[in-house]
Each structure stands twice: as C-alpha cells, then as structure tokens.
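Visitor: Quick one: this structure, given as structure tokens, is what I'll be asking you about.
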Amino acid sequence: MADGTETPIAELRAATKRYGAVVAARSLDLSIRRGEFLSFLGPSGCGKTTALRMLAGFEVPTEGEILLDGQRVNDLPPHRRPVNMVFQHYALFPHLSVADNIAYGLRQRRPRPPAAEVDSAVAKALETVRLPGFGPRRIWEMSGGQQQRVALARAIINEPKLLLLDEPMAALDKKLRHDMQIELQTLQRTLGITFILVTHDQEEALSMSDRICIMRDGQIVQVGSPRDLYDRPKNRYVADFVGKSNFFEGTVRAVEGGSARLDCAGGIRVVGRPSEGVATGQAAIASLRPEQISLTRGEDGIPVTVVNRIFLGEHTEYLVRNPDLGQFLVLSSRQAEAGEGNFEPGETGRARWRDGAALILKND
Amino acid sequence: MRTYAIAVYLFLYIPIGVIAIFSFNAGRHAAQFQGFSTQWYGKALSNPFVMEALQTSATVATVSAALATVAGTLAALALQGVTGRPRIIFDALIYVAVMVPGIVIGISTLIALVTLFDFLNPVLSALWPLAGAAPKLNLGTGTLIAAHGLFAMALVVIIVRARVSGMDRSLIEASADLGATPWGTFRQVTLPQIAPAILAGFLLSFTFSFDDFIIAFFVAGSETTLPIYVFSSIRRGVTPEINAIGTMVLAASLVVLIAAQAILQRGRRRET
Ligand SMILES: Nc1ncnc2c1ncn2[C@@H]1O[C@H](COP(=O)(O)OP(=O)(O)O)[C@@H](O)[C@H]1O
Ligand SMILES: [Mg+2]
C-alpha cells in the first residue's frame with residue numbers, strides 16, 4: 001500500500017536540540033518512509049548524529065516532536081523504542097562473546113524467549129552477516145570489518161522498525177568499505193527494515209540511499225533521491241556536496257520560461273535552468289558538471305589551457321584554466337577523445353557546453 | 001646514578017630481608033644466625049595470643065573492606081553524575097582523605113568517637129526500655145571496623161572511579177538501545193566492566209586494614225590486632241617469633257597486592 005497516505009515509520013516535527021547556546025539541530029522536519037534507505041549527509045558537526053540520537057531516544061528534543069509509527073515518543077526512553085542503532089565504534093560488549101553480544105537484545109525481552117530459540121536466531125543472524133561459526137569468539141579476536149558485522153547482527157536480530165547507522169563504515173579501509181556498502185544495501189532490501197544512515201561521505205550516500213537528507217549547521221537543506229539532488233540541487237551547497245561540479249560566479253541578466261542567463265567575468269555567458277528564488281539582477285552562480293563540458297580544437301567555446309590530466313579508464317579528467325573563469329574540471333569520454341584526440345598538459349583548446357546544460361543557483 | 005639507585009634499594013629492602021632470614025634462625029637470639037629452622041613459625045602459630053590477634057585482624061579487615069567496597073563503589077558510581085564545581089570539591093575531598101597522615105586520622109577518629117559515646121551512652125541508658133543495664137558503646141572491634149572502613153572507602157572510590165570514567169559510555173547506550181532497563185544495563189554491562197576494580201579495591205582495603213598499626217592503636221580500645229600485638233611484644237625484645245609473624249604478614253600482603261595489581265591490569269587489557 002504505497003499510496004502515500006500510510007503513516008510514515010518515523011517523523012521529526014520541528015525537532016530542535018540545543019546544548020546551552022549551541023543549536024545542534026534546528027527545527028528539523030522530515031518524514032521517513034516505511035522500508036526506505038535514507039541517509040543524512042553533511043560535514044562533521046552539522047547535526048547528523050544529533051538527529052539520529054533523537055530518533056533512538058538518547059536525546060530528548062528541546063522543542064518539537066519525534067514520532068514513531070504515528071505515535072509521539074519524545075518521552076519514551078531508548079530501551080522502550082522499537083529502534084536499534086549501529087554505533088560509530090560499534091560499542092560491542094568486550095566481556096561477552098560474539099554470540100552473547102548478538103543475543104543481548106533477545107535476552108532483554110520479557111518473557112524471556114527460550115534458549116533454543118535464541119541460539120537459532122543468533123546462528124541465523126551470523127549467517128546473514130556472513131560470519132557463520134564465529135559465535136564463540138571473543139570480540140577482540142575479530143577484525144574491524146568483522147566487528148562491524150557483529151554490531152550489525154546484534155541490531156538486526158531484534159527486527160527493529162528502524163535501523164540507525166552512525167557512520168558505520170568510517171573506520172574501515174577503502175576496499176572493505178565498498179564491499180560493506182554493497183552488503184548493507186543488499187541486507188536492507190532483503191530484510192525490508194527501514195535504514196537511516198549517517199555519513200559525511202557523498203559517494204556512500206549516493207550509492208546506497210533511496211533518499212538523501214542534506215544537512216548544514218543543524219538544518220536540513222534539501223531532501224531527495226540521489227538523482228533529484230544531482231539534477232536539481234537547491235543551491236550551491238547541495239550541488240557541491242552531490243557529485244563534482246564547477247561553479248562560475250556572475251550576475252543574473254534574465255530569467256524567463258524556465259531558463260536564466262548569467263553573465264560571468266570577461267563577458268562569458270552561461271544559460272541554464274534557474275533554481276527557485278533566482279531573480280534578475282542578483283548575484284548567482286552557474287553550476288556545470290565536468291561531464292557537461294567538452295574540450296575541442298574548434299572555434300566555439302571559451303579558450304582554455306590544459307593544466308593537468310588524469311586518466312580514469314573510460315574517462316579522462318582535465319583540469320583546465322581560463323583567464324576569466326579560473327580553473328575548472330572537464331570530463332571527457334573515450335569517444336570524445338577518439339574524435340578530438342588527446343590534450344597534453346600545456347596545450348590550448350576550447351571548452352564548450354550546451355546552452356541550458358548549466359544550473360543557475362543561489363550562491364549559498 | 002646506578003650505584004645510587006642500588007644503594008637506595010638495599011637501604012629499603014635489607015631490613016626486610018634480615019627479618020625474613022632471621023625468622024628461620026634456629027637460635028633464640030635475633031643478633032646471630034645459628035642455623036636454619038622453621039620452629040618459630042610453629043611457635044607463632046601455636047601462640048594463643050598471636051592467634052587471637054590474627055583473628056581480630058582478619059575479622060576487622062574482612063568486614064571493613066567489605067563495607068568500604070560497597071560504599072565506595074556506590075559513591076564512585078554516584079559521582080559519575082556530579083559535574084563541574086561540586087565534582088572538583090568531592091574529588092579533592094577524596095584525595096585528601098587518602099593523604100591525611102594516619103596519626104591525624106587516628107587521633108581525630110578517637111576524639112570523635114569518644115565524644116560521640118560520651119553523648120550517646122547516657123541517652124542510651126536513659127531510654128533503655130528493658131530491665132538491667134543498657135549496653136555501653138565502647139572502643140573495640142566496631143570502632144576498628146568503622147575507622148578502617150572509612151579510610152578504605154576513599155581508596156575504593158579512587159580505584160573504581162578511575163575504571164568507571166575510563167568506561168566507554170556508548171556501551172551503556174548500546175545496552176539501553178537493545179532494550180535493557182537501567183537496572184539490566186547496570187547488572188549486565190556496568191558491573192562486569194568495573195568488577196576488576198571492585199575486587200582490587202576490596203583486596204587493597206583488606207591489606208590496608210590488616211597491616212595498619214597507627215589508626216588501630218588509637219581506636220582499638222582493649223582489642224589487640226596483629227600489628228598491635230607485634231608492637232607490644234617488641235617492647236619485651238625482638239624474638240625470632242616476631243620475625244616469623246612479620247614475614248608471614250609480609251608474604252600474605254604481597255600476595256594480595258600482586259593479585260590486586262594483576263586483576264587491574266587484566267581488566268585494563270581486556271578493555272582495548
Ligand atoms: N552533548 C553535547 N554537548 C554539547 N554540544 C554538543 C553535544 N553533542 C553535539 N554537540 C554539538 O552539536 C553539533 C552537532 O553535533 P553532531 O550531531 O554530533 O554532528 P555530526 O554528527 O553531524 O558530526 C556540534 O557543533 C557539536 O559540537
Ligand atoms: Mg556524528
């Protein structure tokens with residue numbers, strides 16, 4: 001019944017958290033859909049953890065409301081919320097074995113489930129996180145990646161309504177992190193549990209989430225699917241956070257019919273789709289993705305000098321410099337390379353983009 | 001520098017070594033070694049005065065250490081919730097309590113107890129509802145336990161506090177997150193985490209009480225603890241029997257202290 005009228009699994013309503021003079025979260029409004037994978041994305045200190053901790057019940061909002069399944073839970077302590085968390089440093093109990101860590105949640109239930117039931121649930125959870133037979137091990141005998149799986153198993157065994165993950169991959173090395181991302185995503189699909197992930201890693205958020213909630217200074221800037229955010233960022237901050245982009249500052253000269261013209265330094269003109277609130281006469285920026293710019297030896301476009309070249313397999317990334325716009329990135333596909341040939345550092349050429357390819361954004 | 005260090009260690013340990021060696025002396029004079037024998041250990045252990053003093057010491061040490069451990073642990077846990085200025089004051093008071101010289105504690109405890117008893121005893125006998133004389137509060141085992149327990153409580157607070165504040169707070173949150181009630185979290189997470197410190201606190205309190213002479217001397221009343229017995233018999237001359245008692249007390253204390261240290265170390269290693 002995905003008709004949009006079902007109650008959200010969780011909701012933040014004007015949730016504000018203050019620590020003395022510090023406002024860690026400012027009037028957050030967000031509803032979380034049943035079964036989705038949502039990420040909070042933003043730089044360190046922007047309030048992601050605070051939002052998560054309000055959902056888990058470790059922090060009580062100073063103002064506003066937290067709802068789980070349509071019920072206000074502001075005053076419900078963490079141990080009574082049907083929500084589980086995977087902590088940043090896992091927070092596994094060092095005095096318990098792997099199996100006892102995982103069984104912990106089930107053993108808190110009253111009436112206590114029978115031991116045989118707990119054992120089989122633990123074995124199943126260990127299977128799920130691909131650690132079969134690791135039950136009797138001690139926590140400190142496990143590697144970082146394995147500890148993370150244990151933390152995951154310890155949370156999902158309780159079949160929570162919401163699984164909260166606070167930068168769970170931050171301590172893993174790059175390769176392991178990538179494997180784990182895929183695994184988490186698969187797990188979320190198979191279990192059907194709603195996942196909320198906190199991360200400052202845009203690639204992680206983009207690759208895993210159904211929706212991303214971008215935060216800055218304790219506030220939500222924009223919420224949307226990765227594609228929405230990539231194609232229709234609300235402002236420079238979002239465009240900068242989601243994927244790579246070039247930003248050219250200028251003044252808006254005209255806005256009409258879903259198109260705006262920006263005049264940049266040196267009389268360079270960029271035409272593109274304006275975001276909400278962009279008006280004639282204002283200072284604004286044009287956002288152009290590196291792949292929207294091409295490098296040619298023709299006569300069209302603005303003159304540039306190649307500063308640096310990075311070969312990325314299917315693509316080549318050029319760092320180029322224009323006397324008026326400064327340095328920016330151009331991503332050139334293999335096909336384009338075949339047509340135009342390679343550019344060597346130091347070589348000059350022209351950079352071109354389609355009219356309308358750019359986004360004209362408010363500069364904030 | 002090195003010779004200096006060696007000299008210091010010799011100075012510290014030669015007297016103790018001499019006592020241990022002479023406790024195995026076959027002769028009855030402390031001054032010259034006349035062959036190896038363990039007879040003095042047998043004598044000491046069959047001396048009823050020694051055994052009685054030992055029993056008093058053991059009782060006082062066990063009870064005062066147990067009380068100090070319970071009260072000290074609870075205090076250390078409660079102090080977790082205290083922050084800012086009050087915290088600094090409480091911390092300072094605990095450290096001061098450990099650093100006050102034994103003689104000062106002895107005298108002040110004695111004065112406090114005597115004053116208290118002088119006030120309470122008449123009240124007690126006036127209010128005594130039964131026939132016969134009211135019991136009289138006096139110096140003895142009870143006051144020994146009270147004085148040792150108070151001092152040892154400060155030790156326990158310091159040891160347990162170090163462990164409690166070194167504990168990862170997220171473990172407690174994880175436990176709550178998994179559905180454990182506050183009491184469940186205390187029992188299943190906090191207590192196992194701080195157990196080594198509690199045990200070490202108990203052992204240290206026990207040895208402190210068992211070895212203490214100064215405070216005991218003031219508040220023991222007519223009771224005789226082992227250190228007090230040793231002190232009073234030395235006035236009649238140092239015999240190999242005294243050496244044997246000293247050596248046994250030393251050995252027992254060392255074992256307990258090493259055990260306490262090992263427990264603390266092990267707890268610390270498992271943490272990481
Ligand atoms: N317990 C606290 N006391 C005081 N300030 C806090 C506390 N927790 C978080 N903050 C502050 O709130 C802001 C947001 O923190 P946090 O939610 O942890 O950010 P993030 O997870 O995005 O890095 C930061 O400025 C942080 O210093
Ligand atoms: Mg954080």
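The values are calculated or read from the model by the stated rules, or taken from the named source; none is laboratory data. Bear in mind that the values here come from a model prediction, so they are computed numbers and not experimental data. Quick reminder, even Gly has a Cβ in these numbers, built from the backbone with ideal geometry, and neighbours come from all protein chains shown.
Visitor: Does segment A:5-15 include one or more residues that are within 16 Å of ligand 2 (Cβ to nearest atom) and closer than 25 Å to residue A:190 by Cβ?
Guide: no
Visitor: If I go through segment A:30-54 residue by residue, how many of them are more than 10 Å from ligand 1 (Cβ to nearest atom), out of contact with any Leu (no Cβ under 6 Å at 6 or more places or on another chain) and either closer than 12 Å to residue A:214 by Cα or within 14 Å of chain B (Cβ to nearest Cβ) (or both)?
Guide: 1
Visitor: Here's a follow-up. Just to be sure I understand, how many residues within segment B:65-104 are within 20 Å of residue B:197 (Cβ to Cβ) and in contact (Cβ under 8 Å) with a residue 60 or more places away in the chain?
Guide: 16
Visitor: Moving on. May I ask you to list the residues in segment A:160-184 that are exposed (fewer than 15 other Cβ atoms within 10 Å of the Cβ) and either farther than 19 Å from residue A:143 by Cβ or within 16 Å of ligand 2 (Cβ to nearest atom) (or both)?
Guide: A:170
Visitor: Looking only at segment A:55-72, count how many residues are out of contact with any Lys or Arg (no Cβ under 6 Å at 6 or more places or on another chain) and either more than 8 Å from every other protein chain (Cβ to nearest Cβ) or away from ligand 1 (no atom under 15 Å from the Cβ) (or both).
Guide: 10
Visitor: At pLDDT 95 or above, within 16 Å of ligand 2 (Cβ to nearest atom) and either among the polar types (S, T, N, Q) or surrounded by fewer than 16 Cβ atoms within 10 Å (Cβ to Cβ) (or both), is that true of residue A:39?
Guide: yes
Visitor: So residue A:126 clears everything in (1) outside any loop (DSSP other than H, G, I, E, B); (2) touching a helix residue (DSSP H, G or I) at 6+ places or on another chain (Cβ under 8 Å); (3) within 14 Å of chain B (Cβ to nearest Cβ) except one condition, right? Which one?
Guide: Looking at each condition in turn, residue A:126 falls short on (3).
Visitor: Looking only at segment A:87-112, filter to residues that are more than 9 Å from chain B (Cβ to nearest Cβ) and without any contact (Cβ under 8 Å) to a residue 24 or more places away in the chain; which one of those is surrounded by the fewest Cβ atoms within 10 Å (Cβ to Cβ)?
Guide: Filtering segment A:87-112 for residues that are more than 9 Å from chain B (Cβ to nearest Cβ) and without any contact (Cβ under 8 Å) to a residue 24 or more places away in the chain, the one surrounded by the fewest Cβ atoms within 10 Å (Cβ to Cβ) comes out as A:111.
Visitor: Could you list, in sequence order, the residues of segment A:164-177 that are more than 11 Å from every other protein chain (Cβ to nearest Cβ) and under 21 Å from residue A:68 (Cβ atoms)?
Guide: A:165, the sole residue that qualifies.
Visitor: Looking only at segment B:9-27, count how many residues are of a type outside the set (Gly, Ala, Ser) and surrounded by 12 or more Cβ atoms within 10 Å (Cβ to Cβ).
Guide: Residues flagged as of a type outside the set (Gly, Ala, Ser) and surrounded by 12 or more Cβ atoms within 10 Å (Cβ to Cβ) within segment B:9-27 amount to 7.
Visitor: If the requirement is being modelled with pLDDT of 95 or more, under 31 Å from the mean Cα position of the chain (by Cα) and of a type outside the set (Lys, Arg), which of these qualifies: A:50, A:128?
Guide: The match here is A:50.
Visitor: On to the next question. Please enumerate the residues belonging to segment A:192-247 that are outside any strand (DSSP E or B), surrounded by fewer than 18 Cβ atoms within 10 Å (Cβ to Cβ) and touching a Lys or Arg at 6+ places or on another chain (Cβ under 6 Å).
Guide: A:225, the sole residue that qualifies.
Visitor: Could you please let me know if residue A:147 is of a type in the set (S, T, N, Q) and away from chain B (no Cβ under 14 Å)?
Guide: no
Visitor: Of all residues in segment A:42-52, which are surrounded by fewer than 22 Cβ atoms within 10 Å (Cβ to Cβ) and more than 9 Å from ligand 2 (Cβ to nearest atom)?
Guide: Result: A:43, single match.
Visitor: In the set B:196, B:192, which member is more than 22 Å from the chain's Cα centre (by Cα) and within 30 Å of residue A:106 (Cβ to Cβ)?
Guide: Just a single option satisfies the conditions, and that option is B:192.
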